[in-house]
1. Taking a ≥ b ≥ c as the square roots of the Cα gyration tensor eigenvalues, with a/c under 1.5 meaning rounded and otherwise prolate when a/b beats b/c, else oblate, which class fits region 332-435?
2. Take the solvent-accessible surface of the protein heavy atoms, probe 1.4 Å, and return the percent of it on the chain that carbon and sulfur atoms account for.
3. Mind jotting down the three principal axis lengths of the chain based on Cα atoms? Whole angstrom, largest first.
4. Where both partners of a DSSP beta bridge lie in the chain, what percent of those bridges are antiparallel, to the nearest 5?
5. Between region 168-208 and region 367-402, what is the separation of their alpha carbon centroids in Å?
6. What angle do you read, to the nearest 10 degrees and between 0 and 90, between the alpha-carbon axis of helix 287-306 and the longest principal axis of the chain?
7. Quick check: the angle from helix 210-228's long axis to the longest principal axis of the chain, C-alpha only, nearest 10 degrees?
8. In what sequence, highest mean first, do 13-25, 113-125, 364-376 appear when ranked by Cβ atoms within 10 angstrom?
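The values are calculated or read from the model by the stated rules, or taken from the named source; none is laboratory data. Since we're looking at a predicted model, the values are computed, not measured. Cβ: placed from backbone, ideal geometry, glycine included. Neighbour counts: every protein chain shown. The protein model used for the area step is the full one, side chains on, heavy atoms only, and it has no ligands, DNA or RNA in it. Shrake-Rupley method; radii C 1.70, N 1.55, O 1.52, S 1.80 Å.
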Amino acid sequence: MPVSGIDLGTTNSAIARTGPDGRPQVLTGLAGSPTTPSVVLFASPGEHVVGEGARREARLDPEHVCALVKRRMGDAEWRFVAHGKAWSAPAVSALILQSLVADAGYATGETPTSAVITVPAYFGDEERRATVLAGTYAGLDVVDVLSEPIAAALSYGFGRLDGSPDLSKARHETVLVYDLGGGTFDATVIELADRRISVLAVEGDHQLGGADWDERIALYLSRRFCEENPDAEDPLDDSTGAQALVLAAERAKHELSDAERTDAVVAHDGARSTVAITRAELEEMTASLLRRTVDLTRTCLAEAARRGVAGVDRVLLVGGSSRMPAVADVLRRELDLDPHLHDPDLAVARGAALYGEKKELERMVAADLRTRGRLRDGEPLENAASPDLDDACRRVADAYGVPLAQVRRAVEVQVDTVVSRGFGVLAINALAGRLEPSWLVHCNDRLPIRTSRSYGTVRPDQSEIQLTVVEQQGQAESSRPEDAKVLIVGEITGIPPGYDEGSEVRVTFEMGFDGVLHVTAFHVDAAIPLVLETTTGATLSQAEVARERDQLGRTRRRD
Ligand code: AMP
């Protein structure tokens, strides 16, 4: 069973896998739709509904319906409470993943056991860990988490070659991926060149997406409804009314992507209004949202330019919200770009499936080389001698009935990415005389990263050292500790006396392609390593994870 690719989206999710011809196929469950709304209805203490059924019932039973859970990923405090049970964001996401997995099982006759799950490029460490946890809860081996724009670029890079799924034939091309989904926005500049896909710059906001457009329209509809029906209750003051209004707003928004005007019907508290709305009005009331995507895109392009990119050859619009005509218009008008819609709903799942296949074939080739003593344990595949690699690719192709070109492509195409935020530790700045973030990893540094920096103890005979690992919040690195988000706090304890002030403490940050951070620290003279303790984060406590696993085991999907 190939590794599945899962787009775990804010509003919609999809699952894909590569077929025997190496092309990604989106898998469809009983409902027959390639995408599943990322909505969960907790129908009773032991039963839940995922997808369109949950979305439809959202109007009738809004208190038991959880939507936009992706915006909560990484928030360890957040819970959705239904029927007296509390669900964390990874647990709710796990129900969506289980539903996708069941659909894939229905479509192929085989239940997926491993997957690549995509995340917005702008997701930080905690959100990525939360995503891995969701996958684990759903019983999946999460082979990797992949940035959505890379997935979109992979699906584009493979697909555009006219039937030849061979990226190595690609000419050099710089691509801007503008991804405006239901709840998140990412702008990413990617270079496709010489069998390499490299992310050069990322910018984004994971609290900005189509749902914000819906909210603005809903406010407008409620205002108009209240003007026409002064005696009726404001639909926004009632959760059922608000849900219905947001759905009507979204419907109107979709219609206005094709038509210049539409009517939205608002029925509430025994009254009813038909509100006419034009595309121009929609664009006016949401202009500041669109402006923010333009500003972030501009910053992203500036960062890419700083890295030597002269211009972009291609602009891919992905994410459902990029269907709004205003998106392409503003990019043309303000940034002089020539955007193209690229499979906006499914490109990410398809790209994730391609990446999943690459990981799986790489793993098999590496295993073959290791059993023959041609690659040491832990050594990367690129260290293998070229003839050995050729032989291993051939053996894997024969053994698994996969075309040789497909295996070669998997091992040859390299995917590079950059980190989306800075990471550092809190340290005393001797000049300023205060505790400040000291940044070891910077936004847009290339992954994977391994970087070390040495710090000194602040007094003689210091018996313990506290290490606080922080993540950059906001657009720029700040020297104020209150601007940084604390990720992990760890302590080196039991340092024997006898060491001077300024004794070396070496801190090492490692981040793999998945963007998950690993930190180690070492008191060099005393040879004491740091034991890290996670104090915040998506990585819930062991007890909480056990409780949620149990809870997940006690609910079943109602079809
Ligand atoms: P995604 O997260 O990529 O599935 O995108 C979902 C978002 O795209 C939702 O906010 C939808 O309302 C929005 N969307 C989908 N189709 C359209 C359309 N035709 N016009 C405007 N927005 C759309």
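1. Verdict is oblate for region 332-435.
2. Ligands and nucleic acids excluded, carbon and sulfur reach 47 percent.
3. Largest to smallest, the principal-axis extents are 80, 61, 53 Å.
4. 80
5. Spelled out, the Cα-based centre of one part sits 31 Å from the other.
6. Tilt of helix 287-306: around 30 degrees.
7. Helix 210-228 sits at roughly 30 degrees to that axis.
8. My ranking of the peptides, most packed first, is 113-125, 13-25, 364-376.
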